[in-house]
Structure formats: structure tokens, C-alpha cells
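The values are calculated or read from the model by the stated rules, or taken from the named source; none is laboratory data. Quantities reported herein were computed from a predicted structural model and do not represent experimental measurements. Please note: Cβ atoms are built from the backbone with ideal geometry, for glycine as well, and neighbour counts cover all protein chains shown. Accessible surface is based on the protein model in full, side chains and every heavy atom, while ligands, DNA and RNA are left aside. Shrake-Rupley method; radii C 1.70, N 1.55, O 1.52, S 1.80 Å.
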Amino acid sequence: MKKKLLYTLMIVALLAVAVVPGVTAQDELSGQLEIFSWWAGDEGPALEALIALYNGKYPNVEVINSAVTGGSGVNARAVLKTRMLGGEPPSTFQVHAGQELTGTYVVADRMEDITFIYEEEGWLDKFPQGILDAMSYEGGIYSVPVNIHRSNVMWYVPAKLEEWGIEAPATWDDFLAVCPTLQEAGVVPLVVGEAWTVNHLWESVALAVLGADGWNALWTGELDPAGEEMVAVWNRFGEVLACSNIDDDASGLSWQQATDKMIAGDAAFNIMGDWAAGYMTTTLGLTPGEGYGWAPSPDTGGTFMWLSDSFGLPKDAPNRDATIAWLKLLGSVEGQDAFNPLKGSIPARIDADVTNADLYNAYLQSAAADWGSNTLASSLVHGAAANENFSGEFGTIMETFREAGAEAAAAVMAEICADSGACGG
Ligand code: GAL
């Protein structure tokens, strides 16, 4: 009789565990989860917060944080490519939503279709349709976005502008007008850093000259990459670059060091994605609006050039179940609220409460408002607009420009467009 009661109790206990999915999943998951990204050092706190949240929920999983340092993934993306081609994928990796994901790893059949996660979690209407489209290929969804970053932002220090008697320029003409005044005062008007940050500046200048429609048309084949408009982009870029430190110390500066120069008052302006807000707030401890100010990069007011960091499920990746749990966490409101306030980005989830001032500071609230009201354009340098065959060659176009000028650069760009198939048409 006693034995029977014991069996019954055991069965009841087993059933109880089986019907509470959270309990079983958390208890069962174990082994290693390797998360690959370029969020190391100063870029690390947001990812670390998300990993801490995961560790709390899945204590038996050992998270390996494989971050390869280098802004915009310059080093990490090369390492990743080698690993993916060599059949050694990490459990999951940071990849930009858009062509970097679909035009690179999805077309090569390296990723699992994870639409089932969206269905299980009821997410199909929880992310902006445009972002879902950017992660989709032939009817499947291939990653989960953790954030939305803005590329076209100009940063400055309000107190310094006051000291120099200037205002944040709304147009490149306004900027070019104050450029000599700043140079005479021994201040670098616009600070740039290593190569990719110069490309980053270029996409904001291109957006300024072409407008959102022209920029978007470039990637659908409706705007000639060698045509007059693009030559005008390169010419304007040359004027802007002449007001920078490009021939001085640029190549030795990381994006953080370029930001530091602006904070120190050695430079007036910097065009950088809003991870710079994360750095200035989280790492440097500055208050948005006081320690640093921001505006859309000149001539791009009303347009939000977006990019989104996402994570997917590589085929044959180690520890699939623990990876799915990671993807579910980073796509949840809880995960996005842990990550984004530290990162300088806004949540991709449309139901996250960005008006919550305890979490989202003044910069982030303004970014969220612009995201909701502006015309959208996708970033080239951060993987949304073009595949890696094109973006990997962008340095060649830039070198051509520096050596041979605007028309030569536009002509080379047309060739690379044709070879990579990145520019539609
Ligand atoms: C971007 C990435 C951002 C940030 C930045 C600087 O490509 O999307 O999250 O890490 O590079 O490294």
C-alpha cells in the first residue's frame, strides 16, 4: 500500500514537471553554448547583461563568449567566414539583418529556417514587418533581431560648440561654412578613424546627396552607380573629407578613440552609429544632452538609416536546444530591455516600452520617435543593404576615390555592383 502511494506520488511529480515547459527546459539544458560576436571590451556590457540573464535561467549551460574585437566586425566577420566554410560553426553568431545574413549565409544554405521559433513564441506580429522581411528568404525567417541601431547620427559636445560659437550644422553646406573657423582654432572639424569609419561617413554623405529614395534605388538597380548622382556623392564626400583628420591620424584610431577626440574637444563632430551613445553613456558615464549631443547627420533629417544586429541558428551548430533558448531570450521583451539600454540601440520588439525613462534615456527615446516617424533607408556598411561580396570590396572603391577621384570611383563601383549582383537590375 505504502509502495503504491509512493509510485503514485512519483508519477504525479513527473507529470507536473512535464507540463510546466519552463521547468523542464531549464533543467534539461546543459553543455556549452558558444556565442560569436564582435562585442568585446568597451562593446561588451550589453551582451554581458544578456548572458547574465541567460545564465540565471539556464544555470547548467556553460556560455562561451567568443567575441573577436574590432569595430563593425572587421575581424570577426573574417574569422566567422573561415569557421563556417570549414564546418566549425559556433552555436550562434551576430549577423546584420539584411543582405549580410540572407545574401551571404542563407543563400549558401548554412542557416536553419527558424520560423518555428516565431510561431512558438507568437512573434510574427511583434517585430516590424520591414525587419522581418530583411531576415527572410524564400518564405523562411532566418534570425532574431536584438536591436535597431541608427547609422546617420552626428555627435558633438554642446558646451564645446558654445565655446567655439557654432551650432550643429543641419546641412553639409553649413558644415563646410564653419570648417575653416574650426581649423583656424586648431580643432579638427570632423573626426574619422580606421577605414570602416570612413565608409560609415560615406554612407551618410551618400544618403544626404541622394535622399532616401535615391539611396534605396541604388540597391534595386534604379539608380546608376556610375551616373551623375553618384559622381555628385563622391564629390561632396571629398569636400567633407577635406575637413577631417583623414591624412593625419585617422587610420590609427578605433571608433571609440575617434569619439574620445570629440569628447576631449580636439574635434568638433563625429558621424557614427548610435553604439557611440552606448559608449558615451555606459562606458564614459556621460549624460545624453549634457555630456554629448546629437542630430541627424547633415541633410538627412527625417530619414533613419537603420541596421539591426541579429542572431541565427547555423546548420549543424553545437547545442541546438540551448541555442534556441538563447534566441528566444534575446527576442523577448525581457531580453531586449536588458540589452538595449546599455547598447545605445532601441528594441526591435514593437511591444517593448521605450517610453520607460528608467530604462531608455533621452537619446534612445528620440531615436525611437524617429524610427517610428522617419523614412527608412538601410545601411550598407552594417550589412543591411548589400551582400558581403559587395561590401567586402567597398574598400577598393574608396581607394580608387582617394587615388583617382570621383568619376573613377563611380566607375569601379558600377563594376563591383555588376560582379556582386548587389545593386539590383
Ligand atoms: C556595427 C554593429 C553594432 C556595433 C558597431 C561597432 O556593425 O551593428 O552593434 O557593434 O558595429 O562595432
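Quick notes on this structure:
- A helix-only calculation puts the chain at -14500 deg cm²/dmol for mean residue ellipticity at 222 nm, using -39500 (n - 2.57) for each DSSP H run of at least four residues, averaged over all residues.
- Simple spin-label estimate for Ser373 and Glu48 in nanometres, 7 Å along Cα-Cβ: 3.7 nm
- Each peptide in 234-240, 336-342, 371-377 was scored by the mean count of other Cβ atoms within 10 Å over its residues; highest first, the order is 336-342, 234-240, 371-377.
- The residues of the chain have, on average, 41 Å² of accessible surface per residue, using a 1.4 Å probe with all protein chains present.
- A simple spin-label model places pseudo-atoms 7 Å from Cα toward Cβ; at Val333 and Ala418 they are separated by 5.2 nm.
- Efficiency of FRET between Ala195 and Glu28 - r from beta-carbon atoms, R0 41 angstrom, step 0.05: 0.35
- With Cα atoms as the point set, the chain shows a radius of gyration and Dmax of 23.2, 96 Å.
- Under 10 Å, Cβ to Cβ, from Gly383 - net charge with Lys/Arg +1 and Asp/Glu -1: -2
- Zone residues, region 177-217, relative to Glu239, backbone N less than 16 Å from point 7 Å out along Cα-to-Cβ: 177-181, 190, 202, 204-211
- Of the residues Leu327, Trp371, Gly291, the one whose Cα sits farthest towards the positive end of the charge dipole of region 262-377 is Leu327 (charges of +1 on Lys and Arg Cβ, -1 on Asp and Glu Cβ, taken about the Cα centre).
- Relative contact order computed over region 306-413 (Cα-Cα under 8 Å; 6+ residues apart), in percent: 21 percent
- Counting only protein heavy atoms and a probe of 1.4 Å, the accessible surface of the chain is 52% carbon and sulfur.
- Under-15-angstrom lysine pairs by C-alpha in the chain, whenever the two are 8 or more apart or on separate chains: 4
- Full extension of the chain segment joining Val107 with Asp358 gains 86.2 nm, where the gain is 0.36 nm per residue of separation less the Cα-Cα distance.
- Label-zone membership for region 285-329, site Glu167, 7 angstrom Cα→C-beta point, backbone N under 18 Å: 293-302
- Working from label points 7 Å from Cα in the Cα-to-Cβ sense, the Glu121 to Gln257 distance is 3.8 nm.
- Amide H contacts for Thr171 (H built 1.01 Å from N in the peptide plane; partners 5 or more residues away or on another chain; cut-off under 5 Å): Asp299.
- Using C-alpha pairs below 8 Å separated by at least 6 residues, the relative contact order for the chain is 26 percent.
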